[in-house]
Amino acid sequence: MYYRNLHTGSIILGSQYMGDTTKTFFDAKKDWSIAKDDLLRCYLRPYMNKLFHSGRMNVFIDCFAGAGKFGNQEVDHVNITDDQVPVSYGSPLIALKEIQRSLYNTKSLNPKYTAYFIEKEYCDKLHTTLQNSQFSGANYRIMDGNYQEQIHVAISEILRQYGKPNLLCYLDPFGVKDLKLKYLEELNNYELNSFELLINFNSFGFFRYACGASNIAIREQELRDPGEILERSPMTKREGARDRLAIFDEIIGSRSWRRVIDSYNDSRLNGYQAERLIAGLHRKQLKRRLGFEYVLSIPIRINDSFHPKYRMIYATNHEDGAMVMGDIMHQRQHYLFDQYSITRNGCKDLFDLEDFSQESCIEDCVLEFLEAKGEIGGTIFYAKFYDRYFLTSRLGETLRILEEQGRISIRRNPPTTKTNRPSKFLKEDQSHKLFIKLIK
């Protein structure tokens, strides 16, 4: 186990093609790694900026930290105020860089943070990477071992030293078998001030594995072959079909996924519908079993591929976090598979493979949502809409249109600008508040 100063600084199972195993996982960074790390980078900044003002210790735990960087070159030096990071940076370097940027910009008089990086296979490389970086004096600790064990050591240590912290866990195993629901439930038993998860959930890999273990042929070629997707810890022939089925039960936390696979086998679902339902089951369990109020999910595509390859799932109990992450997810359009497109009249023009059961227009979704509500705050509205319906950059514009049409009322505080004109803002911040209500 390594310590840093905490006061400073293609395999075939059955008939299905599964994700490749690799001993060269960190030789070069692939597009799908860039996409997920980009979400982490974009969220860490506002997360730390806000919670530095909480007066509590803010903890980031990278549960599958890896080697820290990609490639064999030396660690690139960066200006911490830059928006971007070198493509060679892995999640540990990205996290430390963004935390340092937040420290540089914060107005908090007493910002507190620490980072824990859990890694077993590449622990020595990770230690060397961070020690040779400009962040070697940062406040972090490297833990050698499996996340299922070491995360409890980390949290127990944090609670002893700092009381109830704010905790953000990043889980990126790039595989599925290490994401058993019981491990996440165990984290929920600690007394934390706040707890958030950002998970790389390979729901497409889950679907392939489940079909393989059930001896079900996958009809869609693009789903049958994972292409360039690599798994650090793929399932192998050593795990019998019965054992794999039990693992899938533990990942979802129930046997409900089996009905999805049966429906696919009976051709009542196509592969994309089955994948979305599996991801939906995982989201539902994060809400039901861990008590998260908001769970957002976005499929990630590779390059300009039409088909998504995996999902990033974010869970929180705080509307501020849900709104910020929802905004970040839909802003990363160049990496993310478009779940829908919005035509000029506001209606969703769905791709053939995206079969949503939601209302056909974003305006209808807003009105439907407000129908059962009284007056609702702006941030809560955005967070709950993203959680219940879908991510869209058109939500603010839709509120404006509905307000102009007299179908909703928006009460703003302050009601006027500094030049005494009516306020028209559509997002909240510390000094601007919205209250939205359906006009019946």
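The values are calculated or read from the model by the stated rules, or taken from the named source; none is laboratory data. Every value quoted in this text rests on a predicted model; they were computed, and no experiment measured them. Cβ sites come from the backbone with ideal geometry, for glycine too, and all protein chains shown count toward neighbours.
Applying the set (1) part of a strand (DSSP E or B); (2) more than 33 Å from the chain's Cα centre (by Cα) to LYS418 leaves exactly one unmet item: (1). If you go through region 357-413 and keep only what is within 25 Å of HIS318 (Cα to Cα), part of a loop (DSSP other than H, G, I, E, B) and among the small types (Gly, Ala, Ser), you end up with ALA372, GLY374, SER393.
Among the residues of region 251-273, write down those that are modelled with pLDDT under 95 and either touching a Leu at 6+ places or on another chain (Cβ under 6 Å) or closer than 14 Å to ARG311 by Cβ (or both). Break it down stepwise before answering.
Just the residues of region 251-273 that are modelled with pLDDT under 95, to begin with: 270-273.
Residues satisfying the conditions are GLY271, TYR272.
Of the residues making up region 381-440, those that are under 20 Å from TYR294 (Cβ atoms) and basic (Lys, Arg) are LYS384, ARG388, ARG394, LYS427, LYS433. Looking at the structure I just gave you, is ILE99 at negative phi, surrounded by 18 or more Cβ atoms within 10 Å (Cβ to Cβ) and either touching a His at 6+ places or on another chain (Cβ under 8 Å) or outside the structural domain of ASP178 (by TED's automatic domain parsing) (or both)? Against the criterion (at negative phi, surrounded by 18 or more Cβ atoms within 10 Å (Cβ to Cβ) and either touching a His at 6+ places or on another chain (Cβ under 8 Å) or outside the structural domain of ASP178 (by TED's automatic domain parsing) (or both)), ILE99 does not qualify.
Looking only at region 204-219, how many residues end up being in contact with a Ser or Thr (Cβ under 9 Å, 6 or more places away or on another chain) and surrounded by 24 or more Cβ atoms within 10 Å (Cβ to Cβ)?
At the first step, the residues of region 204-219 found to be in contact with a Ser or Thr (Cβ under 9 Å, 6 or more places away or on another chain) are 211-212, 215-219.
Next cut, surrounded by 24 or more Cβ atoms within 10 Å (Cβ to Cβ) only: 211.
The total comes to 1.
Within region 163-202, the set of residues being of a type in the set (Asp, Glu) and touching a Phe, Trp or Tyr at 6+ places or on another chain (Cβ under 8 Å) comprises ASP172, ASP178, GLU196. Only one entry in ARG160, ARG208 is over 17 Å from ILE61 (Cα atoms) and part of a helix (DSSP H, G or I), namely ARG208.
Quick one: which residue in LEU197, LEU168, LEU181 is closer than 15 Å to ILE313 by Cβ, touching a helix residue (DSSP H, G or I) at 6+ places or on another chain (Cβ under 9 Å) and buried (at least 23 other Cβ atoms within 10 Å of the Cβ)?
LEU168
Among the residues of region 84-93, is there at least one that is at positive phi, in contact with a Leu (Cβ under 7 Å, 6 or more places away or on another chain) and either surrounded by 22 or more Cβ atoms within 10 Å (Cβ to Cβ) or assigned to a helix (DSSP H, G or I) (or both)? No, region 84-93 contains no residue that is at positive phi, in contact with a Leu (Cβ under 7 Å, 6 or more places away or on another chain) and either surrounded by 22 or more Cβ atoms within 10 Å (Cβ to Cβ) or assigned to a helix (DSSP H, G or I) (or both).
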